[in-house]
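Below is one structure; the comments refer to it alone.
The values are calculated or read from the model by the stated rules, or taken from the named source; none is laboratory data. As the structure is a computational prediction, the values presented were derived from the model and not from experiment. Neighbour counts run over all protein chains shown; Cβ positions are idealised from the backbone, glycine included. For the accessible areas, the whole protein counts, side chains as well, though only heavy atoms, and no ligand, DNA or RNA atoms are used. Shrake-Rupley method; radii C 1.70, N 1.55, O 1.52, S 1.80 Å.
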Amino acid sequence: MKDNHITPPGVMLYTGFYESLKTLPDETVGKLVLVLMEYSFLGVVPEFDGALACAWAFLKDYADYDAVRYQRSVERRRAAAEKRWQREKADSPEKKTPPKSTLPKGISTPTASAHDGADWMKKYIKFPETTKS
C-alpha cells in the first residue's frame, strides 16, 4: 500500500453481503474473507476467475470505499487535533495576551452583579422613553 496509507483497524462485512455469500460454499466464503483481510491490511490483490472473480469484485469495491472513508476520518481527526494543539499552545500562560475589546471606543465593559437586575444596562444603553397608559 502507499506510504501515507493508514491501515484500518478492521474490515466491514456488511449485512447486504449475506444473500450473495450464502449461495457460496463455506470454504469459498472463508477464503473470500481471508483474501479481503489480506487486501485491506497488506494490499495483496488476489487473482480469481469465474464466480469468485465476481464475488471479489463487489467485496473489493466496498473495501476500497471503506479505506477511503477511514483515511478521510483519520485526516479530519488529525487536522482537528492539530488545530486544538495550536489553540492550546497559543493559550498557554507564557504567551497569553489580554483579549482585545470589541466594544466601541469610550465604552467600558459593564461590571454588574447578580443583584443589579437589568438596571446596570441603563448606564450603557439609551432606552426609548415609554409612557404608561
One residue is enough: does region 26-44 have a residue meeting the conditions assigned to a loop (DSSP other than H, G, I, E, B) and open to solvent by less than 60 Å² (accessible area, probe 1.4 Å)? yes
Test result for A55, surrounded by 14 or more Cβ atoms within 10 Å (Cβ to Cβ), in a helix (DSSP H, G or I) and at pLDDT below 90: yes
What number goes with the only condition from (1) modelled with pLDDT under 60; (2) open to solvent by 80 Å² or more (accessible area, probe 1.4 Å); (3) touching a helix residue (DSSP H, G or I) at 6+ places or on another chain (Cβ under 8 Å) that A112 does not pass? (2)
Tell me which of these D49 doesn't satisfy, since it passes every other one: (1) open to solvent by 90 Å² or more (accessible area, probe 1.4 Å); (2) part of a helix (DSSP H, G or I); (3) not aliphatic (A, V, I, L, M). (2)
